[in-house]
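Reviewing the structure listed below.
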Amino acid sequence: MSLRNVVFIALIAFAVWQCRAAEIVTLGPGVKVDTAPVQTQINNAKSFDFNDFLITPLADFSLQAKVLSREDYWLDKESELAPTDLALGWQNMSDESVLSQIDIRQSGRWYRWRVEQFPIPRRELETQSANMHIVPADDHVAAMLDLVKSGQIISLKGQLIKAQAIDGWHWQSSLSREDTGANACELIYVTELVIEQS
């Protein structure tokens, strides 16, 4: 890719980021989602081909959550599969009076937070939010994903997956909401996405 094309893509990305930054939805204080994500083990899952990747479902997965942040990707290998990451929160991490005291950022497929003083116990912050790599199962889900803004309440259904490419590259979802750090993100093949509040 030429330097000119890289600069052009970077300018578009910056413009999209500026537009999205101005589109943060405010719903007011109070817990907006009182339930944690639901995960169910899949027995004898069958792998399938999807966009030149071999997808293996690991668990059925559903949630309702507040969108804490979103980040779109274009240039990495992962973006061929998951063009968007959503940092999502539930329970106390869906309460804007809590979130107003937390600096939340995403980059490089990571979700990072910073606080001057913890508004809730650290472990609640860690286990009631997560960075999730979103794999749209079809054009409808992709179109809905494009409408998602920070601050909204969304629900989604799908599967936590492992993805493999013919060159040996692979990417696997975490199967726990209790883990942190590297490999703690969820990789979700999303079959249904609904914006519940915006």
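Computed quantities for the displayed model
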read-out	value
Scope segment 178-193; condition open to solvent by less than 40 Å² (accessible area, probe 1.4 Å) and not small (Gly, Ala, Ser); matching residues	Cys185, Glu186, Leu187, Ile188, Tyr189, Val190, Leu193
Any hit, segment 133-144, residues being within 13 Å of the chain's Cα centre (by Cα), among the hydrophobic types (A, V, I, L, M, F, W, C) and buried (at least 18 other Cβ atoms within 10 Å of the Cβ)	yes
Yes/no for Ile188 being assigned to a strand (DSSP E or B), of a type outside the set (Asp, Glu) and in contact (Cβ under 8 Å) with a residue 24 or more places away in the chain	yes
Qualifying position, being farther than 19 Å from Gly181 by Cα, among the β-branched types (Val, Ile, Thr) and open to solvent by less than 70 Å² (accessible area, probe 1.4 Å), among Val115, Val67	Val67
Those residues of segment 40-59 which are open to solvent by less than 70 Å² (accessible area, probe 1.4 Å) and not in a loop (DSSP other than H, G, I, E, B), in sequence order	Phe48, Phe50, Phe53, Leu54, Ile55, Thr56, Pro57, Leu58, Ala59
Within segment 159-177, considering residues that are surrounded by fewer than 17 Cβ atoms within 10 Å (Cβ to Cβ) and assigned to a strand (DSSP E or B), the one nearest to the chain's Cα centre (by Cα)	Gln172
Condition met for Ser129 (closer than 30 Å to Glu80 by Cβ, modelled with pLDDT under 95 and open to solvent by less than 70 Å² (accessible area, probe 1.4 Å))	no
Residue match in segment 103-110 (condition: at pLDDT below 95 and surrounded by 16 or more Cβ atoms within 10 Å (Cβ to Cβ))	yes
Residue within segment 42-49 that is touching a helix residue (DSSP H, G or I) at 6+ places or on another chain (Cβ under 7 Å), within 23 Å of Thr191 (Cα to Cα) and among the polar types (S, T, N, Q) present	no
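The values are calculated or read from the model by the stated rules, or taken from the named source; none is laboratory data. Quick caveat, the model's predicted, so the values are computed rather than measured. Cβ sites come from the backbone with ideal geometry, for glycine too, and all protein chains shown count toward neighbours. Surface areas here come from the heavy atoms of the whole protein model, side chains and all, with no ligands, DNA or RNA. Shrake-Rupley method; radii C 1.70, N 1.55, O 1.52, S 1.80 Å.
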